[in-house]
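This report refers to the structure that appears directly beneath it.
The values are calculated or read from the model by the stated rules, or taken from the named source; none is laboratory data. The structure displayed is predicted, hence computed values, not measured ones. When we count neighbours, we look across all protein chains shown, and the Cβ atoms used for this are built from the backbone with ideal geometry, even at glycine. SASA here: full protein model, heavy atoms, side chains in, ligands and nucleic acids out. Shrake-Rupley method; radii C 1.70, N 1.55, O 1.52, S 1.80 Å.
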Amino acid sequence: MQVDKTPPRIMGLYDAPMWQFLDDDRALRLQCCSDCGTWRYPPGPVCPECLSSASEWKPVSGGGTVISWVMFRKEYLPEYPAPYNVVAVRLDEGPIMISNLVEDPAENVIGRKVTLVVVDMADGVKLPRFKVVE
Ligand SMILES: [Zn+2]
């Protein structure tokens, strides 16, 4: 998948640190509750488990498991010409992240283990994507 211009990031109130860590450190960090350790993604103001507002941005292992995937054969964004894949990955830490595999799968990948790859897009944007590891 080669694109020249990445669609703009959709920034909520709490998203900026994740993208900043990705840009600065090439590391995916997610919000984690300082009181009970529950990972939060998408990020938010309070922990969904214990309602604590205390959190820190901790690096994730990068490991995960594909829980769903699809090949889009219709173009929705000019930056992403069809066909391209979209995956739902359950990170080893628990949160589910929607992303892409760096290579289109040739077979069903549900249940396959993946690892995080920080991809440099042609316009300099860094995106968290995944690679099948087994
Ligand atoms: Zn908590």
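For this structure, a couple of remarks:
- The range 23-58, residues that are over 17 Å from residue 95 (Cα atoms) and away from the ligand (no atom under 16 Å from the Cβ): 23, 24, 25, 26
- Residue within the range 71-84 that is within 20 Å of residue 133 (Cα to Cα) and buried (at least 16 other Cβ atoms within 10 Å of the Cβ) present: yes
- Lone qualifier among 55, 68 - being surrounded by 12 or more Cβ atoms within 10 Å (Cβ to Cβ), of a type outside the set (Lys, Arg) and in the same structural domain as residue 44 (by TED's automatic domain parsing): 55
- Selection from the range 90-111 of residues that are open to solvent by less than 60 Å² (accessible area, probe 1.4 Å), out of contact with any Cys (no Cβ under 9 Å at 6 or more places or on another chain) and outside any strand (DSSP E or B): 94, 95, 100, 102, 105, 109, 111
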